[in-house]
Amino acid sequence: MTIINIVLDTPSGEHKSAPLYRQIADAIEQHIASGTLSAGQKLPTHRALADQLKVTVGTITRAYAEVEQRELVEARVGAGTFVCQQNAPSWVYNYSPQEEEACNLGHNIPPHLDRSAMLKQAMGNLSHQPDQLNQMMLYHDPQGLEEHRQIVASWLQKKGLEIDPQRMHFTSGGQHAAHLLLSAFCRQGDTLLVEQVTYPGFLSLARQQQINVKPVEVDHEGIIPASLDAACRQFQPRMLYCTPTLQNPTTATMGEQRRREVIEVCRQHQVLLIEDDVNGLLPEQRPTPMLNLAPEQVIHIGGLSKCLAPGLRLGYIQVPQKLQQRLNTALHNHSLMISPLLTGLACEMLRNGDADRVLQQIHRDINARQQLVTQHLGKFAIQHTPDSFHVWLTLPEYWRLSDFVSAAEQQGVIIKSAEMFSPPGATIPPAVRLAISAPFSHHKLEQGLLILAELLEKDPMNDFPL
């Protein structure tokens, strides 16, 4: 039934004497209550409905405002007016990413999946265990509940990670884990080594704590051992931070021999190695984690945000045995503990197989997205793999980095410049990162890739007016 019929079907009587805008509002409310208008349904524009009903636009504006005041519809800037979900709490955040006009390739996040069913099931399972729920509401050891650590560690062990539940600590995601490490094991003025281009979140944390960061040269496989050795001799660093699997932003993955060589250089110079394995669960053929090769040399960071759900901010750290107590103290000082309710939800998803099912969905989706990348950008200088959420694109020599980023944004495509991944003083490569997992649909991604391909074909000096 259209809005015209809804209004015309409104009974006369008490409604007849009401102002016209209120009659329209009452009619909309009746049909929302009856289900004729369903949650999420978009109402006609103010102009379209005014023309249909032969009333002024102002009348419709007042009618929509009246219904919105009754919390039956919501106006979304640039999108229109939509019927609200009835009986939903007023604090629920409604976001319709499909309405984004821009193709945002900036955020390195998992592809959009419907996770509501698995979350509902996990919460339902916990709700049937009142004694455990009550226990979760109490204070616990900063390291996390032992039963939860056992479940998470067991799942990770099946994925090839030799992690010890007795030495593992839960954190509020990978970023929190990195923050804890810098707080616990570094002092102001210390020097850390990082890859030539690296995760900007880590650079931000180091800058905040006034820790010096120095770059190490990389190639297609990541850190070059000879360059690492030279940097260790020159700077005498406390730690090396690296992402050996699907490195952010280059997508490079170290082979096992390279991992052993990097570990040996660190051992010779007594440098602790932070292995950020946040992407380590994404490859279907998982490389050997550096933790497995040198558990007393490597500090391992991981998390479930990339492989399960970004909103499930659950990370984990394992440190060498000699550092265990310092980490425990740092975590207690930071946040006392990680919420057992959060870790309990994660454990339910791991135990019932939902995590594995989501991971398989992610594999299929990312493989399809990477095929689109090959199709549209394959002839340009790109680094990518079938399992990576992102692509590293080196620009043609006729494009300046800032100009290309700006030109893409002007055409509705958001990308990240190499500048944000470069440590202070490092040479900035003429490259950009494309987070191809971010757009909510393959269609939106393909639109963005076509725009970028067209830009890459053009020499801005010849094709764009000054």
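Brief remarks follow.
- Residues within the range 106-132 that are under 23 Å from ARG364 (Cβ atoms), of a type in the set (A, V, I, L, M, F, W, C) and in contact (Cβ under 8 Å) with a residue 12 or more places away in the chain, tallied: 5
- Unique residue being aliphatic (A, V, I, L, M) and within 28 Å of the chain's Cα centre (by Cα) when the list is LEU282, LEU293: LEU282
- Among (1) over 19 Å from GLN135 (Cβ atoms); (2) within 25 Å of the chain's Cα centre (by Cα) - the single one LEU345 does not satisfy: (1)
- Some residue of the range 173-184 being more than 21 Å from the chain's Cα centre (by Cα) and surrounded by fewer than 21 Cβ atoms within 10 Å (Cβ to Cβ): yes
- For HIS332, the conditions (1) at pLDDT 95 or above; (2) within 28 Å of the chain's Cα centre (by Cα) are fulfilled apart from (1).
- Residues that are in contact (Cβ under 8 Å) with a residue 40 or more places away in the chain, over 25 Å from GLU146 (Cα atoms) and either part of a helix (DSSP H, G or I) or out of contact with any Pro (no Cβ under 6 Å at 6 or more places or on another chain) (or both) within the range 182-193 comprise CYS186, ASP190, listed in sequence order.
- Per-region count, the range 305-319, residues modelled with pLDDT of 90 or more and either in contact with a helix residue (DSSP H, G or I) (Cβ under 6 Å, 6 or more places away or on another chain) or surrounded by fewer than 17 Cβ atoms within 10 Å (Cβ to Cβ) (or both): 4
- The residues on offer are HIS169, HIS179, and the sole one that is assigned to a strand (DSSP E or B) and in contact (Cβ under 8 Å) with a residue 12 or more places away in the chain is HIS169.
- Scanning the range 392-416 for residues that are touching a Pro at 6+ places or on another chain (Cβ under 9 Å) and either farther than 17 Å from ASP459 by Cβ or of a type in the set (D, E, K, R) (or both) returns TRP392, GLU397, ARG400, ASP403, LYS416.
- Evaluation of GLY344 against (1) touching a helix residue (DSSP H, G or I) at 6+ places or on another chain (Cβ under 7 Å); (2) in a loop (DSSP other than H, G, I, E, B) (one fails), failing number: (2)
- Looking only at the range 249-277, and only at residues there that are out of contact with any strand residue (DSSP E or B) (no Cβ under 8 Å at 6 or more places or on another chain) and charged (D, E, K, R), the one that is surrounded by the most Cβ atoms within 10 Å (Cβ to Cβ): ARG259
- Among the residues of the range 274-317, those identified as farther than 21 Å from PHE185 by Cα and in contact with a Phe, Trp or Tyr (Cβ under 9 Å, 6 or more places away or on another chain) are ASN279, LEU282, LEU304, LYS306, LEU314.
Per-residue answers, yes or no, for (1) of a type in the set (D, E, K, R); (2) at pLDDT 95 or above; (3) surrounded by 22 or more Cβ atoms within 10 Å (Cβ to Cβ):
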site: ILE211; (1), (2), (3): no, yes, no
site: GLU217; (1), (2), (3): yes, yes, no
site: PRO225; (1), (2), (3): no, yes, no
site: LEU228; (1), (2), (3): no, yes, yes
site: CYS232; (1), (2), (3): no, yes, no
site: GLN247; (1), (2), (3): no, yes, yes
site: THR288; (1), (2), (3): no, yes, no
site: ALA294; (1), (2), (3): no, yes, no
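- GLU409 surrounded by fewer than 16 Cβ atoms within 10 Å (Cβ to Cβ), out of contact with any Phe, Trp or Tyr (no Cβ under 9 Å at 6 or more places or on another chain) and either closer than 30 Å to ALA153 by Cβ or outside the structural domain of THR198 (by TED's automatic domain parsing) (or both): yes
- Selected residue (criterion: surrounded by the fewest Cβ atoms within 10 Å (Cβ to Cβ)) from residues of the range 114-163 that are touching a Cys at 6+ places or on another chain (Cβ under 7 Å) and β-branched (Val, Ile, Thr): ILE151
- Boolean, LYS322 is within 14 Å of the chain's Cα centre (by Cα) and assigned by TED's automatic domain parsing to the domain that holds ARG267: no
- Within the range 171-224, considering residues that are touching a Lys or Arg at 6+ places or on another chain (Cβ under 9 Å) and among the charged types (D, E, K, R), the one nearest to GLN270 (Cα to Cα): ASP190
- Test: residue in the range 403-417 that is within 22 Å of VAL278 (Cβ to Cβ), free of Cβ contacts under 8 Å to residues at least 40 places away in the same chain and not β-branched (Val, Ile, Thr): yes
The values are calculated or read from the model by the stated rules, or taken from the named source; none is laboratory data. None of the values given here were measured: they were computed from a predicted structure. Note that each Cβ is placed from the backbone with ideal geometry, even for glycine, and that neighbours are counted across all protein chains shown.
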